[in-house]
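Any read-out appearing in this document is the output of simple, stated calculations on the displayed coordinates, not a laboratory observation. Quick caveat: nothing in here was measured; it's all calculated off a predicted structure.
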Amino acid sequence: MRIVPAQADDVTKLLAFREEAARWLTRMGSDQWQRPYPADRLLATIKCGTVFMVLDGDATVATITLTPDAEEGLWTERELGEPSMFVNKLTVARTHAGQNLGGRLLDWAGDRAYRAGAQWLRLDAWTTNDALQRYYLQHGFAHVRTVREGGAVNGGPRVSGWLAQRRTAPTEHGFEDLTPSPATLLTQ
């Protein structure tokens, strides 16, 4: 399997991929990702070079966003002063579920973050998705805290505020990595 940067013409494919994941989450009893994701926001992150796809032959089987930018209101000033990269929108196709593809992608992200000079790989997960939280804990993340207030809409309840982190490290992830070398993070 190969990991490649997403391109602008992948927007439709990635939005459909997310919709498939949302339907599966609904069947699992989760309210995660029920609102459609804005195509313009996805395109902007693709253009920034932070969206990556895993290909198995010609099929897209997973995606991850890895960025040095934290979502506003989640992390403390001290934490933001520590070199970190943030995982978002990790999604695995149902056809490839149960093959540790998500775990390998987290290892790839930790390796890439390490090569960029980050100390931490951080994420925020859905506050009501206990299974997802357990998944991240099983993959070496430690729960930092849960932020429930200060959501993007009118400062109301935050739906994705379960914060976790793990140290970055070089890792054997098993992908053929066809991504450019990560940019070195600026030191604070």
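Some observations on this one:
- Whole-number D in µm² s⁻¹ for segment 74-118, Kirkwood Cα-pair radius fed into Stokes-Einstein, 10 °C, 1.306 mPa s: 130
- J(HN,Hα) series, segment 137-142, from Karplus relation 6.51 cos²θ - 1.76 cosθ + 1.60, nearest Hz, glycine and proline x: 4, 5, 9, x, 7, 10
- Computed lengthening from residue 23 to residue 67, 0.36 nm per intervening residue step minus Cα-Cα distance: 13.2 nm
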